[in-house]
Ligand SMILES: Nc1ncnc2c1ncn2[C@@H]1O[C@H](COP(=O)(O)OP(=O)(O)OP(=O)(O)O)[C@@H](O)[C@H]1O
Ligand SMILES: [Mg+2]
């Protein structure tokens with residue numbers, strides 16, 4: 001294991017390799033190149049282990065591979081998902097029957113060099129129980145001060161890991177132990193726009209899948225609308241993994257036809273939108289649309305999930321009763337409290353909003369967030385729930401083409417939230433073009449790709465009054481309370497501000 005691959009230090013070569021392997025991701029690539037430059041200048045710089053964080057299929061693992069290619073190092077991967085035993089990292093003592101060296105030493109053996117890239121995949125899925133805390137062992141592995149004398153329990157001699165290039169990947173940050181996070185330099189990957197996905201498919205996924213299914217790329221032509229059809233109706237994701245899978249599935253079906261074809265020289269298939277439907281069968285996802293009509297008590301919120309952003313609708317309905325409030329939809333504690341804050345905020349402004357205070361005692365208010373089986377939590381639906389409540393109580397429909405996200409305080413202030421880029425991409429994907437955000441989130445807007453940003457109207461607000469001004473449509477007749485009323489979508493926005501002031 002003495003052999004050490006000569007590291008390729010030419011940054012131009014590295015840049016070229018990164019560009020060849022991945023489309024887009026300009027900022028990320030820049031970060032990687034800066035990182036490589038610093039590594040050349042400072043031997044063992046402190047606390048600099050790159051960690052890619054993002055939704056599944058956005059290219060974290062494959063970026064790791066690409067870095068190995070770009071620097072001429074061997075690539076080995078350590079899957080940390082479900083590792084909950086320290087001995088898996090550091091090995092068992094030889095007194096145990098069936099004892100083995102730990103994964104790190106095994107990986108070094110597999111790499112056969114002293115300076116491979118070791119990808120610590122899924123660090124956020126590390127387990128921890130009575131058998132020990134693997135993250136503690138990892139801390140030692142990653143610490144440049146300690147890892148030149150890493151001691152595997154099985155080998156029981158010091159082993160030098162200081163030349164290894166560690167890279168970590170994770171889907172979420174909050175489950176990585178803080179001490180470990182401290183050692184990592186976080187790089188967030190936030191998912192692709194539709195147009196980026198089309199380019200990734202054309203430049204990378206289709207050629208790769210052609211090769212996998214043994215098809216000559218000259219024999220099939222994927223048209224842009226064929227790729228778009230696959231993206232829109234057969235996948236719903238922030239990354240491109242399912243897209244790659246569906247493209248592979250199309251090509252395998254073509255491969256079968258090719259094998260059966262009598263005339264192989266003239267074989268040529270054009271895969272357009274119709275052909276995709278023919279190959280992949282019934283559409284799996286309807287066009288990502290939300291309601292097409294504005295309704296009373298139905299408001300579009302935006303959520304951040306581990307698989308990227310999502311649109312989350314909030315429903316509020318009033319029924320005759322005794323002033324009870326019901327919250328359903330598997331809402332977590334924080335979200336329930338946020339709903340209560342929203343309600344108090346709305347009650348405290350009942351008069352200005354034109355709500356009959358008696359309604360709070362004589363009607364029951366039900367807030368529901370579909371889909372009911374999926375747990376939801378967090379404070380960022382505060383303004384969405386408040387808007388749904390006001391909409392139900394004032395019988396003003398909420399605009400169907402508006403989406404919002406923000407925390408609410410009792411005094412009606414709108415606070416900033418996280419995951420802005422993912423949420424904006426999701427809203428765009430769902431065809432929502434008007435968005436409401438806290439003013440303090442303005443700084444996050446620079447991350448949004450121009451092609452998306454240009455199509456969005458983003459209202460940055462301070463208070464719930466402004467939110468209502470942008471989100472509500474004007475009055476519907478008085479006598480409909482029990483059933484939500486459907487209102488004409490194309491009606492102009494009400495100037496609610498006059499009633500608020
Ligand atoms: N920008 C890109 N350009 C080209 N190919 C890409 C890009 N992003 C992702 N891919 C491809 O998408 C596929 C999935 O990526 P990868 O396995 O790296 O996802 P991941 O982020 O590690 O996901 P997970 O969190 O599920 O492990 C790979 O085949 C990868 O090459
Ligand atoms: Mg991965």
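Summary of computed values
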| item | result |
| --- | --- |
| Any hit, the range 284-303, residues being within 27 Å of residue 419 (Cβ to Cβ), crowded, with 20+ Cβ neighbours inside 10 Å, in contact (Cβ under 8 Å) with a residue 24 or more places away in the chain and within 16 Å of ligand 2 (Cβ to nearest atom) | no |
| Failed item in (1) within 12 Å of ligand 2 (Cβ to nearest atom); (2) in contact with a strand residue (DSSP E or B) (Cβ under 6 Å, 6 or more places away or on another chain), with residue 118 passing the rest | (1) |
| Filter pass, residue 33 being surrounded by 18 or more Cβ atoms within 10 Å (Cβ to Cβ) and touching a helix residue (DSSP H, G or I) at 6+ places or on another chain (Cβ under 7 Å) | no |
| Of all residues making up the range 442-461, the number that are surrounded by fewer than 18 Cβ atoms within 10 Å (Cβ to Cβ), within 20 Å of the chain's Cα centre (by Cα) and not in a helix (DSSP H, G or I) | 2 |
| Test for residue 133: is it within 16 Å of ligand 2 (Cβ to nearest atom) and either closer than 18 Å to residue 150 by Cβ or within 26 Å of the chain's Cα centre (by Cα) (or both) | no |
| Count - residues of the range 132-176 that are touching a helix residue (DSSP H, G or I) at 6+ places or on another chain (Cβ under 7 Å), farther than 25 Å from residue 304 by Cα and assigned to a loop (DSSP other than H, G, I, E, B) | 8 |
| Residue ranges of strands (runs of 3 or more DSSP E) in the range 352-441 with at least 1 members assigned by TED's automatic domain parsing to the domain that holds residue 237 and touching a strand residue (DSSP E or B) at 6+ places or on another chain (Cβ under 7 Å) | none |
| Qualifying residue in the range 22-30 (condition: more than 30 Å from residue 242 (Cα to Cα), out of contact with any helix residue (DSSP H, G or I) (no Cβ under 7 Å at 6 or more places or on another chain) and away from ligand 1 (no atom under 12 Å from the Cβ)) | no |
| Residues of the range 152-185 satisfying the condition of being surrounded by fewer than 16 Cβ atoms within 10 Å (Cβ to Cβ) and either within 16 Å of ligand 2 (Cβ to nearest atom) or modelled with pLDDT of 90 or more (or both) | 172, 173, 175 |
| Leading residue by the ranking (nearest to residue 303 (Cα to Cα)) among those in the range 230-267 that are touching a strand residue (DSSP E or B) at 6+ places or on another chain (Cβ under 9 Å) and assigned to a helix (DSSP H, G or I) | 230 |
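The values are calculated or read from the model by the stated rules, or taken from the named source; none is laboratory data. Remember, it's a predicted structure, so these values are computed and weren't measured experimentally. Glycine also receives a Cβ, built like all others from the backbone with ideal geometry; neighbour counts cover every protein chain displayed.
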